[in-house]
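What follows is one structure encoded as structure tokens, with my remarks underneath.
The values are calculated or read from the model by the stated rules, or taken from the named source; none is laboratory data. Worth saying up front: this structure is predicted, and the values here are computed from it rather than measured. So basically every Cβ, Gly included, is an ideal-geometry build from the backbone, and we count neighbours across all protein chains shown.
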Amino acid sequence: MEKIQILVVCSHQEILNTIIRLINNNEKWNGTGTDDIEQAIELFHQQAFDLVLLGSGLTGESENKLRKIFVLQNPEIKIIEHFGGGSGLLSNEIEEAFAGNKNGNFNVIDNPFK
Amino acid sequence: MAKTVLHKASTRGHANHGWLDSYHSFSFANYYNPERIHFGALRVLNDDTVSEGRGFGKHPHDNMEIISIPLEGDLQHEDSMGNVAVIKKGDIQAMSAGTGIFHSEFNKHKDAPVKFLQIWIFPNKKNVEPRYSQITLNPEERHNKLQQVLSPAETEAGVWIQQDAWFSMGKFDKDFSTQYTFKKKGDGVYAFVLNGDITIDGQQLHNRDGFGIWETDSVSITANSQDAELLLMEVPMT
């Protein structure tokens, strides 16, 4: 069975490592992470991802840029904000993304932090 | 007309890891219920019991307001900002994780479990500088009164967080009645019974029941048992 491919973009390296480790602990998921916006865009071009997690440290401008580029390239891509830094919310967030529950996170689709 | 949601204590998610016995009012870790994800900005309400000398090793958080309220026993906290503290019964601690923080939480004692609430609130601004605050509450200020224990402003009573939220606690004599008036239009209040029996706006609640109410401006509270204790959490709903 193919694993769900998850791209994680987070500027805090230790937290990024934690998130990737937690994702890869789940046999159904495979996580790829970067703390660099341009590398995230490059990775997205190179590989088909099922889900993008946006973690801490990204500016609103960076998040919006990533959303636009990712959605243009793949209108079906699911993009969610990860809250908590590799916390007990992570698996919920991923499940919610695939359940299509837009209200799973507090205002998950539109960036609530202007 | 006010809208409500009732979460009976027995309907919470439950995970017993031996050293940690945790009840989740909202989806968390392996407990996933799409009907129980959040109440406005209130995302996590965990009712934790940690065994003697055990606890959560160093782990990260970011972009979340994390509030800890010990109910019995003491919690040893250490974090990557250099804070080392014991959060005792009667204290409240708030941590704005912001851009990222690592911390550990252990039961300070080797001879008794620690029971505490861990509450997570979505912040209203991301990537703030992480910060930490802790205070000791005067129990007399919540005897037959609602004591504010958390707010959005450093200048107000209680600890403060990066969100327009207010927490109040009360411990009431039997038949004591009061009213809580919302601080901000459009907010909701999630009530969590810490002990005893309480009626809120006609809804009878018992130990560890949760009750959310919104699209109203105030709620009436009546204690139905002696030493009934209540935590009220006012949060934005959108």
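Considering only residues that are within 19 Å of B:A41 (Cβ to Cβ) and away from chain A (no Cβ under 14 Å), which ones fall in the stretch B:97-148?
Correct list: B:L117, B:R131, B:S133, B:Q148.
Going residue by residue through the stretch B:116-138, is there one that turns out to be part of a strand (DSSP E or B), touching a Gly at 6+ places or on another chain (Cβ under 6 Å), over 20 Å from B:L194 (Cβ atoms) and not assigned by TED's automatic domain parsing to the domain that holds B:E229?
No, the stretch B:116-138 has no match at all.
Answer yes or no: is there a residue in the stretch B:170-178 that is assigned to a strand (DSSP E or B), surrounded by 18 or more Cβ atoms within 10 Å (Cβ to Cβ) and within 14 Å of another protein chain (Cβ to nearest Cβ). I'd like the intermediate steps shown before the answer.
Filtering the stretch B:170-178 for residues assigned to a strand (DSSP E or B) gives B:170-172, B:177-178.
When the remaining residues are screened for being surrounded by 18 or more Cβ atoms within 10 Å (Cβ to Cβ), the result is B:170-172.
With the extra rule that they be within 14 Å of another protein chain (Cβ to nearest Cβ), the set shrinks to none.
No, the stretch B:170-178 has no match at all.
Yes or no: B:Q76 surrounded by fewer than 20 Cβ atoms within 10 Å (Cβ to Cβ), in the same structural domain as B:I221 (by TED's automatic domain parsing) and touching a Gly at 6+ places or on another chain (Cβ under 9 Å)?
Against the criterion (surrounded by fewer than 20 Cβ atoms within 10 Å (Cβ to Cβ), in the same structural domain as B:I221 (by TED's automatic domain parsing) and touching a Gly at 6+ places or on another chain (Cβ under 9 Å)), B:Q76 does not qualify.
Taking into account only those residues within the stretch A:25-44 that are modelled with pLDDT of 95 or more and in a helix (DSSP H, G or I), which is farthest from the other protein chains (Cβ to nearest Cβ)?
Only one residue fits best here, namely A:E42.
Mind listing whichever residues of the stretch B:194-211 are surrounded by 21 or more Cβ atoms within 10 Å (Cβ to Cβ) and assigned to a strand (DSSP E or B)?
B:I198, B:I200, B:L205, B:G210, B:F211
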